[in-house]
């Protein structure tokens, strides 16, 4: 998530810079392109993080190492 | 009693029977039903228990048939009856004449008393922060209940890359507390998660009692892994709520609490994106506004205005030049007329008109003085009409 956090920070930065009235339209449109592509990338990265749901099948009273199987809803 | 006396089994059993049955006649016992087994004859056998002890109980069909409720495991009851010893097996039991459900009020009073005691022991004092964005959650609950579904649905919808481990537990009745304790211990032993959610859907006060058991409270208190207690609905309470690091009003709420952070992340990105879009739009709109104010139409209008102005200036100037020229011409003409008049006035013809004459000698030279001629000379006299030739007779 390190890369993710860095990108998120840059996105935040861009949203601050672009708000500034002094930014030239040309620069703003470059920042816009960068920002939107960053945001889309981050959203995709989040979408790709898979959730995992498992259920313990070992007896918790035992000394066995835990074993899990997919929890079927 | 003589210490050296030797009893037969039946004799001592008989003595115990007498002691117990005489001393524990028409008594009342409160406890929790477990191992409830109705027989085909209509008698009901069960065990009455609390945290530290248990006693066998039986209610015969003539009494059992008068019950206005169906006893079940986990139910808190108050029974009245007599202790009896069953000699053949050497065990004692209570033969119940009546049984009533332990009133909710009494259960709550008991819980309150227990709560005070555990609080004094400091079991409710350990409040750690729940990790902001846990990647592994252990859910101790019934694998078939609604609570586990609620948690999975909400957590997987809101969270990203979360790992949910369901640790199955019985959530009702006599065995419930024990399985919950065992799973908390197991999760800690194998470090199975960053957060443990102990969950159960709503139910009656008795249904939720396992989560108020002292062994459960103790285990939660001892858990290295931070815990969230999510028992029943908002209005329900269990002592696990006080022992856990965090109480969630419902299992769904527990899932929301542990996924808050990642949910925010998605929102944050959306927000930044929207801000960037808005900022650029604002800039473009501003630029458009400025552009519009200097549109070609406007420019053309301004240009035409300018041209008209110039045209007017030209017109005025031309008029000025024309009038100046005319005036000049007029004045020249006047001068000319004047000159003409003078010239006309001085024209010899005009002088002759007045009766003057021009006298010249034979060679045509004008005679202006008497010395210019001599006696006897012939002179020419030019009149207005006609000419005369004359001789000089005298020079005066």
The condition of being at pLDDT below 90 and crowded, with 17+ Cβ neighbours inside 10 Å holds, among B:207, B:194, only for B:207
Return the residues of segment A:20-34 that are at the interface with chain B (Cβ under 8 Å from one of its Cβ atoms) and surrounded by fewer than 16 Cβ atoms within 10 Å (Cβ to Cβ); say none if nothing qualifies. A:25, A:29
Only one of (1) at pLDDT 85 or above; (2) within 14 Å of chain A (Cβ to nearest Cβ) does not apply to residue B:261, and that is (1)
Within segment B:198-211, does at least one residue satisfy the condition of being more than 22 Å from residue B:103 (Cβ to Cβ) and free of Cβ contacts under 8 Å to residues at least 24 places away in the same chain? no
Residue B:191 - would you say it is within 14 Å of chain A (Cβ to nearest Cβ) and out of contact with any helix residue (DSSP H, G or I) (no Cβ under 8 Å at 6 or more places or on another chain)? yes
Tell me, please, whether a residue that is at pLDDT below 95 and not in a helix (DSSP H, G or I) can be found in segment B:286-305. yes
Name every residue in segment B:309-356 that is under 23 Å from residue B:381 (Cβ atoms) and in a helix (DSSP H, G or I), in order of residue number. B:345, B:346, B:348, B:349, B:350, B:351, B:352, B:353
Subset of segment B:181-191 that is in contact (Cβ under 8 Å) with a residue 24 or more places away in the chain and part of a helix (DSSP H, G or I) - its residue that is surrounded by the fewest Cβ atoms within 10 Å (Cβ to Cβ): B:185
So is residue A:43 modelled with pLDDT under 85, out of contact with any strand residue (DSSP E or B) (no Cβ under 8 Å at 6 or more places or on another chain), outside any loop (DSSP other than H, G, I, E, B) and facing chain B (nearest Cβ under 7 Å) or not? yes
Can you confirm whether residue B:229 is crowded, with 22+ Cβ neighbours inside 10 Å and outside any strand (DSSP E or B)? no
Just wondering, is there one or more residues in segment B:271-293 that are surrounded by fewer than 11 Cβ atoms within 10 Å (Cβ to Cβ), away from chain A (no Cβ under 14 Å) and farther than 30 Å from residue A:7 by Cα? yes
Enumerated strands (runs of 3 or more DSSP E) restricted to segment B:42-130, each holding at least 1 residues that are under 25 Å from residue B:238 (Cβ atoms), modelled with pLDDT under 90 and touching a helix residue (DSSP H, G or I) at 6+ places or on another chain (Cβ under 9 Å): B:76-86, B:91-101
Of the residues that sit in segment A:48-64 and are out of contact with any strand residue (DSSP E or B) (no Cβ under 6 Å at 6 or more places or on another chain) and at the interface with another protein chain (Cβ under 7 Å from one of its Cβ atoms), which one is surrounded by the fewest Cβ atoms within 10 Å (Cβ to Cβ)? A:50
Meets criteria (at the interface with chain B (Cβ under 9 Å from one of its Cβ atoms) and under 30 Å from residue B:281 (Cα atoms)) for residue A:37: no
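The values are calculated or read from the model by the stated rules, or taken from the named source; none is laboratory data. Since the structure is predicted, the reported quantities are computational estimates derived from the model, not experimental observations. All Cβ positions, even for glycine, are placed from backbone atoms using ideal geometry, and neighbour counts span all protein chains on display.
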